[in-house]
């Protein structure tokens with residue numbers, strides 16, 4: 001069973017919103033097994049389910065092609081000046097962002113926001129170790 005501090009995930013979403021401002025159109029952090037969003041901003045449940053499936057297909061295609069495996073994230077440049085970023089956080093969690101590419105600095109996205117989301121998701125994991 002997934003042992004996650006949802007409050008930390010919400011803080012992670014809020015941190016991304018504070019950096020990306022109105023460039024962040026939507027974001028979700030979700031459980032890969034259930035496809036349910038655990039935290040988000042303008043959540044997109046249909047997109048969560050579809051990106052779960054797409055990520056599995058990309059991984060299978062890369063493996064079948066003899067390419068190296070998908071690592072931490074991938075980006076899609078889509079119409080109307082938008083970008084999608086999908087991050088993998090181990091085998092159990094994923095996150096995704098819909099961005100207005102005209103309002104988001106790619107350097108800030110790659111060097112600040114993506115690592116902060118990774119760190120926030122890792123921080124949200126409850127290890128089961130109690131501090132008595």
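The values are calculated or read from the model by the stated rules, or taken from the named source; none is laboratory data. These numbers come from a predicted model, not from an experiment. Ideal geometry is used to build each Cβ from the backbone, glycine not excepted, and the neighbour counts take in all protein chains shown.
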Practice task
Kindly indicate whether residue 59 is free of Cβ contacts under 8 Å to residues at least 12 places away in the same chain and surrounded by 15 or more Cβ atoms within 10 Å (Cβ to Cβ).
Solution key: no
Practice task
Consider residue 38 carefully, then state whether it is at pLDDT 95 or above and within 22 Å of residue 8 (Cβ to Cβ).
Solution key: yes
Exercise for the section: Would you check which residues across the stretch 37-56 are loosely packed, with under 13 Cβ neighbours inside 10 Å and touching a strand residue (DSSP E or B) at 6+ places or on another chain (Cβ under 9 Å) and list them? Expected result: 42
Completion exercise
Considering only strands (runs of 3 or more DSSP E) wholly within the stretch 73-132, the ones with at least 1 residues that are exposed (fewer than 11 other Cβ atoms within 10 Å of the Cβ) and touching a strand residue (DSSP E or B) at 6+ places or on another chain (Cβ under 7 Å) are 73-78
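Yes/no per residue for (1) on the phi < 0 side of the Ramachandran plot; (2) modelled with pLDDT under 95; (3) out of contact with any helix residue (DSSP H, G or I) (no Cβ under 8 Å at 6 or more places or on another chain); (4) not in a helix (DSSP H, G or I):
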{"residue": "8", "(1), (2), (3), (4)": "yes, no, no, no"}
{"residue": "14", "(1), (2), (3), (4)": "yes, no, yes, no"}
{"residue": "27", "(1), (2), (3), (4)": "yes, no, no, yes"}
{"residue": "34", "(1), (2), (3), (4)": "yes, yes, yes, yes"}
{"residue": "51", "(1), (2), (3), (4)": "yes, no, yes, no"}
{"residue": "69", "(1), (2), (3), (4)": "yes, no, no, yes"}
